[in-house]
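Here it is, the structure, as structure tokens.
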Amino acid sequence: MSILTTYKDLLIESLKEHKKMIIILYALFIISFIATWVLAGDTISSNVQSIMNSTATVPTPAEPNISPAYLFIHNAGGGLLTYFGSIFFGIIAIAMIIYNGANLGATGPVFSAVKANGGLQYLIYLIPHGIFEITGTIIQSVAGILLFMFVWRFLKGIIKGENGTRLSARDSFEKNKKVLIQSVVLLIFATILMLIAAPIEAYISIPFSEMIMGV
């Protein structure tokens, strides 16, 4: 069996076993996105309009000259910090989902304030690369939570054990290594998604949104 085949089987298994967690984090992201746009939208738009003048430059969703390498390093690097930071009870993983959803949700009203149909164009802009990048962000957080679960169960096996019998470090690792493997498999998958998203965001998302809106 080839490495790719083995990885594919592990990935499918990991996604199936943790499907509920993925769905819950997706829902949390969407709720954060919508809630921020709806609840803070008027305030954000008002603040933006108050500092604009008639000659202000209308911003675009992203700078066209940002390279795919920069976008990938930025997103994947943040994902790695989230992954390893999640070892502390998975708090970072959940916090980053809320933060990313709120951050993107807060950007929509900015474009609504400075450009006709700007909010709609912003949503269209997010679609091409967001399919991969947002999914990658979700999967990174799931991987981070699984890392925490592995560490927690590993230490629990050593300290508390089963039925009053403590496990050796080796036995505890062997018992819980599946969770660690799934964590790494999902992290690799998330990184691949980020790699796909980067050139799409750099070269396609803005022209795509402008084409759809007829700009």
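The values are calculated or read from the model by the stated rules, or taken from the named source; none is laboratory data. What you are looking at is a predicted structure, and each value in this text was computed from that prediction instead of being measured. Glycine also receives a Cβ, built like all others from the backbone with ideal geometry; neighbour counts cover every protein chain displayed. Heads up: the accessible areas ignore ligands, DNA and RNA and are worked out on the full protein's heavy atoms, side chains in. Shrake-Rupley method; radii C 1.70, N 1.55, O 1.52, S 1.80 Å.
For residues that are more than 20 Å from Ile138 (Cα to Cα), open to solvent by 70 Å² or more (accessible area, probe 1.4 Å) and not aromatic (Phe, Trp, Tyr), scanning just region 188-215, find the one that is farthest from the chain's Cα centre (by Cα).
Ranking the candidates gives Val215 first.
Would you tally the residues in region 157-215 being acidic (Asp, Glu) and without any contact (Cβ under 8 Å) to a residue 40 or more places away in the chain?
Residues meeting the conditions: 3.
Give region 65-85 a look and list any residue that's touching a Leu at 6+ places or on another chain (Cβ under 7 Å) and closer than 23 Å to Pro207 by Cα, or say none. Walk me through how you get there before you give the answer.
Initial filter on region 65-85 (touching a Leu at 6+ places or on another chain (Cβ under 7 Å)): 72, 83.
Phe72 - this is the single residue of region 65-85 that is touching a Leu at 6+ places or on another chain (Cβ under 7 Å) and closer than 23 Å to Pro207 by Cα.
Output the residue which, of all residues in region 77-86 that are surrounded by fewer than 20 Cβ atoms within 10 Å (Cβ to Cβ) and small (Gly, Ala, Ser), is nearest to Ser50 (Cα to Cα).
Gly78
Just need a number here: residues in region 147-183 that are among the small types (Gly, Ala, Ser) and either open to solvent by 20 Å² or more (accessible area, probe 1.4 Å) or under 17 Å from His18 (Cα atoms) (or both).
The qualifying residues number 4.
May I ask you to verify whether Phe89 is open to solvent by 70 Å² or more (accessible area, probe 1.4 Å) and outside any helix (DSSP H, G or I)?
yes
Separate question: Please work out if Ile44 is part of a helix (DSSP H, G or I), at pLDDT below 95 and surrounded by 13 or more Cβ atoms within 10 Å (Cβ to Cβ).
Against the criterion (part of a helix (DSSP H, G or I), at pLDDT below 95 and surrounded by 13 or more Cβ atoms within 10 Å (Cβ to Cβ)), Ile44 qualifies.
If you take the residues of region 150-187 that are acidic (Asp, Glu) and in a helix (DSSP H, G or I), which of them is farthest from the chain's Cα centre (by Cα)?
Going through region 150-187, the residues acidic (Asp, Glu) turn out to be 162, 171, 174.
Remaining after also requiring in a helix (DSSP H, G or I): 171, 174.
On the way: Asp171: 34, Glu174: 30 Å.
Checked region 150-187; the qualifying residue farthest from the chain's Cα centre (by Cα) is Asp171.
Are there any pairs, at least 6 apart or on different chains, whose C-beta atoms fall under 6 Å, with the first in region 4-17 and in contact (Cβ under 8 Å) with a residue 60 or more places away in the chain and in a helix (DSSP H, G or I) and the second open to solvent by less than 60 Å² (accessible area, probe 1.4 Å) and aromatic (Phe, Trp, Tyr), and if so, which?
Close Cβ pairs (under 6 Å, with a partner that is open to solvent by less than 60 Å² (accessible area, probe 1.4 Å) and aromatic (Phe, Trp, Tyr)) amount to Leu11/Phe189.
Mind counting the residues in region 122-146 that are over 25 Å from Ile200 (Cα atoms) and either open to solvent by less than 20 Å² (accessible area, probe 1.4 Å) or of a type in the set (Gly, Ala, Ser) (or both)?
2
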